[in-house]
Amino acid sequence: MLPRIAIIGRPNVGKSTLFNRLAGRKLAIVDDTPGVTRDRKETEARLGGRAVMLLDTAGLEEAPPETVAGRMRASSEIAARQADLVLFVIDARSGITPSDRAFAAWLRRQPAPVLLVANKTEGRGGGMAAYEAYELGLGDPVAISAEHGEGIADLHTTAAELLPEEEDEDARTRDNRPLRMAIVGRPNAGKSTLLNALLGEERMITGPEPGLTRDAVAVEWSDDEGKVRLVDTAGMRKKARIIENLEQMSVGSTIAALKEAEVAVLVLDGLLGMDEQDLRIARLAEREGRAVVIALNKWDAIEDRPAARRALTDVLTASLAQLKGVEVVTLSAMTGKGVDRLMPAVRKTMERWNKRVPTGELNRWFEAAVAKHTPPLADGRRIKLRYATMPKARPPTIAVFGPRAEDLPEDYRRYLVNSFREAFDMPGVPIRLHGRGGKNPFAEE
């Protein structure tokens, strides 16, 4: 298991900038607005030559526990307790604050070693400003500028010395790659509550306030079948309603997470049903070739459940034919009822998305499908289809060959896709079909 390094500090001291710097790429959203990071975000990185798990956390603030800031602080404190090393970041430019002193006193009582990091020390006199940090009683501060990369080499060296002894590489478990799953949907549909229900802990900040999750947050987890990399994402509103630059970055982060996922779990608010924005998100997942499972949340609060199911089925049939037969799991993320049925549905959909059909079996289906409905004429000329191959899965992709195959009309393509879906049991999975026409060597003569 990789040693865990938690980056802790009050808001706007540069924790996410340092997280991105140590990770070697921009993973966390960075903005001048205090409190942008609300949930713990983690990624694998290398620190001082060691493989580690980095954790970016929400800013520590003195606040009542029932408030958003209070819930953010509780989440960060859990990260500090679970860490093998804490990087306590302060803003050397603004000096030591009462909050810094209070949190330093709390950290001194925790079991993990603490490395004091004085950030924003760039420029003349920056290193001198870091000396104030000695009063916190956490040892020698490491002076850095996360934004400009100054002092990062010293940070690598010092942090590596404080990590627990390295495990033998052969002793590490390196079995199956984790299933990559993104939880997507509109704001306040219950995405973070669902992730917490799956994990069995209050990992994400939740509450009645819409838009609490601002960044795509990945969590390593295991279900009964194996490893899973869960990604909770920011809610996606209609484009016309996205005004703030911060929200635009959040949506961009969500789309990037969707592109990296294998399965997208689309969380619907059962009380509101599936609207046009939910359909846009589902179509985006389909265009990216992701397998899709629908989690119909807040099922416990719905009075007429048969009517709700019929309404959802009607919308899916009329507006999402490209994901015909998509798995729908009814659940309540708040109470946990039905949540145990989600991962089996995800695993089943993943298996279909990853399925390859042998060429012989594929062409027996193809010949029967073409014999049942011959291709229509294109520009008054006949399209003769000869054979099919499946060049790839993830998502299932069919290539059909024959003269003028690239001119197949869209309705005939849909017929072949639906026939393939039914013949090989692939409901709810995006299927690609490409026509490959044969070149006539006498066409130019």
Q. Regarding residue 153, is this residue assigned by TED's automatic domain parsing to the domain that holds residue 58, assigned to a helix (DSSP H, G or I) and crowded, with 18+ Cβ neighbours inside 10 Å?
A. no
Q | The listed residue being at pLDDT below 85 and either surrounded by fewer than 20 Cβ atoms within 10 Å (Cβ to Cβ) or of a type in the set (Gly, Ala, Ser) (or both), out of 211, 273, 226 | A | 211
(Q) Looking at the structure I just gave you, is residue 375 buried (at least 17 other Cβ atoms within 10 Å of the Cβ), more than 37 Å from the chain's Cα centre (by Cα) and not assigned by TED's automatic domain parsing to the domain that holds residue 300? (A) yes
Q) Quick one: residue 193 ticks every box in (1) modelled with pLDDT of 85 or more; (2) within 11 Å of the chain's Cα centre (by Cα); (3) among the β-branched types (Val, Ile, Thr) bar one, so which box is it? A) (2)
Q: Quick one: which helices (runs of 4 or more DSSP H) lie wholly within segment 1-117 and hold at least 2 residues that are out of contact with any Ser or Thr (no Cβ under 9 Å at 6 or more places or on another chain) and modelled with pLDDT under 80?
A: 68-82
Q. Somewhere in segment 417-430, is a residue of a type in the set (Asp, Glu), at pLDDT 90 or above and closer than 27 Å to residue 286 by Cα?
A. yes
(Q) Looking only at segment 156-166, count every residue that is part of a helix (DSSP H, G or I) and at pLDDT 85 or above and tell me the total. (A) 6
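Residue-wise test of (1) more than 26 Å from the chain's Cα centre (by Cα); (2) in contact (Cβ under 8 Å) with a residue 24 or more places away in the chain.
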residue	(1), (2)
296	no, yes
308	yes, yes
325	no, yes
332	no, yes
340	no, no
344	no, no
Q. What residue, of 91, 154, is closer than 20 Å to residue 58 by Cα and within 35 Å of the chain's Cα centre (by Cα)?
A. 91
Q: Could you figure out which of (1) under 30 Å from residue 180 (Cβ atoms); (2) at pLDDT below 85; (3) surrounded by 14 or more Cβ atoms within 10 Å (Cβ to Cβ) isn't true of residue 397?
A: (2)
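The values are calculated or read from the model by the stated rules, or taken from the named source; none is laboratory data. All figures in this text were calculated on a predicted structure; none of them were measured in a lab. Reconstructed Cβ throughout: ideal geometry from the backbone, glycine too, with neighbour counts over all protein chains shown.
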